[in-house]
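Each remark here refers to the structure printed beneath this line.
The values are calculated or read from the model by the stated rules, or taken from the named source; none is laboratory data. Just so it is clear, the structure is predicted and the values come from calculations on it, not from any experiment. A quick note on method: Cβ atoms are made from the backbone with ideal geometry, for glycine too, and the neighbour counts reach across all protein chains shown.
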Number of protein chains: 2
Amino acid sequence: MAVNRRTPSTACRPPSPKRYHAPMNASSKPERTRLSAENWEDAALDVIAEQGVGALAVEALARRLGVTKGSFYWHFRTREALLQAALERWEHYGEREVIAQIEAIADPRERLPELFRRVAHELQPHRVYAALLKALDHPLVVPVMARVSQRRTEFLATAFREAGLPPAQALNRARLTYAAYVGFLQLNFTLGLPRISHEDFDAYVEHMIATLIPA
Amino acid sequence: MAVNRRTPSTACRPPSPKRYHAPMNASSKPERTRLSAENWEDAALDVIAEQGVGALAVEALARRLGVTKGSFYWHFRTREALLQAALERWEHYGEREVIAQIEAIADPRERLPELFRRVAHELQPHRVYAALLKALDHPLVVPVMARVSQRRTEFLATAFREAGLPPAQALNRARLTYAAYVGFLQLNFTLGLPRISHEDFDAYVEHMIATLIPA
DNA sequence: CAGTTACCATACGCATGAGTATTGAGTGCT
DNA sequence: AGCACTCAATACTCATGCGTATGGTAACTG
């Protein structure tokens with residue numbers, strides 16, 4: 001009966017102030033350091049971004065990290081627990097990022113065009129969001145996506161109000177804009193529609209700005 | 001060695017002019033008639049619309065149809081073959097439907113607003129499309145969705161040209177419009193964002209028309 | 001320098017779901 | 001009636017992938 005091991009849970013790493021510092025040396029090999037729960041969560045988000053939520057399997061993830069399942073089940077009670085923790089991590093990380101984006105632009109008149117252009121040009125942060133869009137079957141991702149989409153839409157609505165639109169129109173314009181963003185991700189990111197060229201893409205973004213943002 | 005059965009394939013029901021006519025009697029029971037490949041394809045599309053591509057399992061589908069796997073593997077060589085046949089069926093069916101929508105509206109000036117309002121009010125045909133959007137991981141659905149989305153976008157582009165937009169702008173407006181449609185499906189159909197009310201939804205559609213369609 | 005803790009390996013159990021093999025029953029044709 | 005063809009039931013095999021049990025080892029701690 002050994003040592004009466006405690007059952008691990010997602011919310012059970014209380015102090016753990018010691019950060020794993022990955023020195024990123026020249027070797028492409030997985031570093032062979034001990035892993036923490038955060039490592040697993042980050043790796044999970046990578047897998048989600050690359051291959052979707054469905055491809056999140058514990059044995060594959062373990063191989064990716066250079067260990068075996070035995071390690072995983074010390075950190076997490078179940079696969080779902082990992083998903084939940086990873087989604088939580090992604091949500092809070094994205095929160096800080098969006099807020100930073102807001103603060104960055106001072107003039108309300110310039111906020112929307114600038115936001116459009118920035119969002120259009122950093123496609124990496126959208127990979128996870130695009131992957132989660134395809135996983136709306138899963139009960140764990142629905143509330144997360146609902147909260148994130150809701151907050152972003154509300155942010156857009158206030159921006160449109162500040163740009164001069166009356167409240168009712170501002171909300172609808174925000175819905176329209178955010179839907180266009182989501183649809184664009186699906187059509188050009190996940191699906192590979194005839195791979196729009198760089199200049200055409202810039203022209204598309206400017207067309208969006210001209211169409212959706214009041215003069 | 002029995003009878004040297006031929007191997008069934010998706011493309012192997014050549015004449016088959018006899019349609020299965022489901023008389024839809026008062027009983028809610030599954031009718032107990034013999035099944036054909038088309039029955040399986042229709043049932044597959046139902047499952048896809050309701051629970052997504054991932055939920056398309058042959059044993060579950062067999063239970064749904066009141067038979068067992070033994071029947072399935074007579075009609076189709078594999079599960080993928082069923083998916084392919086069902087997608088093909090859906091694509092060609094949708095083709096006819098879209099064309100009918102086009103013909104229905106005579107005046108080019110009125111085509112777009114009318115199209116918007118109609119599309120907005122029949123949400124049933126979009127269930128399969130929304131489900132397939134979440135299955136863009138799967139190699140079989142990608143080409144289908146690419147073709148369908150491409151054709152619809154091109155149709156929108158010509159409509160915007162007929163509405164007075166110069167070609168370059170018309171194409172971008174079509175992309176924007178179709179992206180908004182796709183995003184709307186994701187956000188309000190699959191995800192259940194704060195369940196917009198009926199009047200608010202109509203107002204949203206009118207806002208879309210006012211914003212996206214040139215006066 | 002023991003002993004505990006934290007992390008990992010190995011080897012299982014077990015459920016699900018695809019695909020196969022074989023038998024059997026209904027239906028039409030002659 | 002008899003035969004072939006069509007559709008379906010039963011009973012398997014096999015691979016995958018989650019979760020468990022338990023023993024092992026490095027690192028920290030007193």
In region A:127-168, what residues are over 24 Å from A:Gln186 (Cα atoms) and surrounded by fewer than 19 Cβ atoms within 10 Å (Cβ to Cβ)?
-> A:Thr158, A:Arg161, A:Glu162, A:Ala163, A:Gly164, A:Leu165, A:Pro166, A:Pro167, A:Ala168
Subset of region B:76-95 [of a type in the set (Phe, Trp, Tyr) and within 13 Å of DNA strand C (Cβ to nearest atom)] | B:Phe76
Mind listing whichever residues of region A:171-215 are among the aliphatic types (A, V, I, L, M), at the interface with chain B (Cβ under 10 Å from one of its Cβ atoms) and under 14 Å from B:His207 (Cβ atoms)?
-> A:Leu171, A:Leu176, A:Ala179, A:Ala180, A:Leu212
Taking region A:49-60 and the residues there that are crowded, with 16+ Cβ neighbours inside 10 Å and more than 8 Å from DNA strand D (Cβ to nearest atom), the one that is nearest to B:Asp137 (Cα to Cα) would be A:Gly52
Odd one out for A:Leu123, checked against (1) at the interface with another protein chain (Cβ under 7 Å from one of its Cβ atoms); (2) under 17 Å from the mean Cα position of the chain (by Cα); (3) part of a loop (DSSP other than H, G, I, E, B); (4) not hydroxyl-bearing (Ser, Thr, Tyr) | (1)
Restricting attention to region A:137-167, report how many residues are facing chain B (nearest Cβ under 7 Å) and small (Gly, Ala, Ser).
-> 2
Test A:Leu165 against the criterion of being in a loop (DSSP other than H, G, I, E, B) and modelled with pLDDT of 95 or more, and give yes or no.
-> yes
Kindly list, by first and then second residue, each pair from a residue in region B:58-76 that is modelled with pLDDT of 90 or more to a residue that is among the acidic types (Asp, Glu) and near DNA strand C (Cβ under 7 Å from one of its atoms), limited to pairs with Cβ atoms under 7 Å and residues at least 6 apart or on different chains.
-> B:Lys69/B:Glu59
